[in-house]
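Single-structure report; data block below.
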Amino acid sequence: MAGNNEMEAPRRPGTAKQRLEALENENTRLSFVVETLEEKVETMEVEIAELYSELGESRSACQALAEALGESNLADMRREMDTMDAKEVENFIFDMEQYFLATNIVDEARKVSTATMYLTGDAKW
């Protein structure tokens, strides 16, 4: 054996019949595992398809919202506060609040930074 280059397969304990039964049991277990994994993959594929559908709907809704707001509406909001009277300031604040609602901006810091984008001149500083 010492001079033999071929490797022998390790012997498993038990008779051939016992080893065959063990292999059949292992094969049954592995078949169950594969079947379970296939079911999980199918479920995940369905969930991914649903998520892609929801993503498409969300993108469409965002696109519609952006079109509804329109670039001209945002450009109209840009104003110089030093030339505005009290009513115009109130209207500006109301317009900004409506914009925040429409775009779902709830963070106060983000509201402030967004609102300042529409101020010019001395009002910005």
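The values are calculated or read from the model by the stated rules, or taken from the named source; none is laboratory data. Bear in mind the structure is a predicted one, so any value in this text is a computation, not a measurement. So basically every Cβ, Gly included, is an ideal-geometry build from the backbone, and we count neighbours across all protein chains shown.
Flag: residue 61 does not match the condition of being loosely packed, with under 10 Cβ neighbours inside 10 Å, small (Gly, Ala, Ser) and either modelled with pLDDT of 85 or more or under 26 Å from the mean Cα position of the chain (by Cα) (or both). Taking each residue of region 89-103 that is over 13 Å from residue 119 (Cβ atoms) and looking for partners that are in a helix (DSSP H, G or I) with beta-carbon atoms closer than 6 Å, six or more apart or interchain, yields 100/111.
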